[in-house]
There are 2 protein chains.
Amino acid sequence: MNNYKKISVAEEARVELHDQLNLTGAEISINTLPACASVPFVHSHKQNEEIYGILEGEGYAVIDGEKALLKAGDWLRISPSAKRQFFASDKTAIKYVCIQVKENSLEGYTMTDAVV
Amino acid sequence: MNNYKKISVAEEARVELHDQLNLTGAEISINTLPACASVPFVHSHKQNEEIYGILEGEGYAVIDGEKALLKAGDWLRISPSAKRQFFASDKTAIKYVCIQVKENSLEGYTMTDAVV
């Protein structure tokens, strides 16, 4: 078990993986907002790019004042400085993964980083 | 649209997000293996930590010779040097997200990187 760690994520409003999985290159959270709910604040980041993937349901984000409709299967990248807030739709919960990584930190990937 | 980019991911065997979303801190792929299928090779990484999240279905991974059963809701971190291969179960497809990030690249996160 030294080279990997596995957990099963329960159905909770927010689950943060960094400490549970000993992550060193990302923080990842699994989030569910019930219908009509929102993250209760607008935020941006100092260094971190965020990638959001919509896993279930529908909603929208407001990013620097622009409304982006969201549904399961959508993925988006948000620059660190952008002011963002996430909302479930009026009728449906939204479940999404949020991945924080340091902007410009990736060097090689896939074929240039893999050893097959 | 300068500060964010959004795409809708189709149902394909593998979708890679880095180039589509202009990611700079991660490569993210969404992968589906049909029942009885596997990734056709074992691989490890030079620099990158990988985080896998099982989105749908069941299967298993073999990591440094150890078999880890996987089902929807499971998340795992794999160290760069670990030799890994992913398999769907005999009866069910498995859909998973794979996140590549440079090991030890994350500095602050959440409360220490956010501006509210």
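Whole number please: convex hull volume per residue of the Cα set in chain B, in Å³? Each step should come with its number before you reach the end.
Numbers: hull volume 15.4 nm³, N = 116.
Cα-based convex hull of chain B, divided per residue, equals 132 Å³.
Hey, for B:Ala37 with labels 7 Å out along Cα-Cβ, what do the inter-copy distances come to in nm, ordered shortest first?
3.5
Note the direction-averaged projected area, equal to a quarter of the hull surface, for the Cα convex hull of the stretch A:1-45, in nm².
4.5
To the nearest µm²/s, what D does Stokes-Einstein give for the protein assembly as shown at 4 °C and 1.567 mPa s, using the Kirkwood radius over alpha carbon pairs as Rh?
On the way: Rh = 17.8 Å.
Estimated via Stokes-Einstein, D reaches 73 µm²/s.
Relative to the other copies, what are the label-point distances for B:Ala72, with labels 7 Å from Cα along the C-beta vector, expressed in nm at one decimal and sorted shortest first?
0.7
With only Lys, Arg, Asp and Glu charged, each at its Cβ (+1 for the first two, -1 for the last two), find how big the charge dipole of the protein assembly as shown is about the Cα centre; round to the nearest 20 debye.
It comes to approximately 120 debye.
Once you average over the residues of A:39-52, how many Cβ atoms of partner chains fall within 10 Å of each Cβ?
4
Using just the helices of chain B, give the 222 nm mean residue ellipticity in deg cm²/dmol: DSSP H runs with n ≥ 4 each add -39,500 (n - 2.57), and the total is spread over all residues, rounded to 500.
Calculated mean residue ellipticity at 222 nm is -500 deg cm²/dmol.
Looking at the calculated P(r) for the stretch A:41-98, what percent of the C-alpha pair distances fall above 12 Å?
63
Shortest first and in nm with one decimal, please list how far the A:Asn3 label point sits from its counterparts in the other copies (point 7 Å along Cα→Cβ).
4.3
With all protein chains present, calculate the accessible area of A:His43 using a 1.4 Å probe and round the result to the nearest 10 Å².
Counting only protein heavy atoms, the figure is 30 Å².
Report A:Cys36's accessible area, 1.4 Å probe, all protein chains in place, as a number in Å² to the nearest 10.
Its heavy atoms expose roughly 100 Å² to the probe.
With chain B rotated onto chain A, spot the residue of B whose Cβ lies nearest the axis and note the distance in whole Å.
Spelled out, residue of B and its Cβ distance from the axis onto A: B:Ser105, 2.
The values are calculated or read from the model by the stated rules, or taken from the named source; none is laboratory data. Here the structure is a predicted model, which is why all the values come from computation and not from measurement. Virtual Cβ from ideal backbone geometry, glycine too; neighbours counted across all protein chains shown. SASA here: full protein model, heavy atoms, side chains in, ligands and nucleic acids out. Shrake-Rupley method; radii C 1.70, N 1.55, O 1.52, S 1.80 Å.
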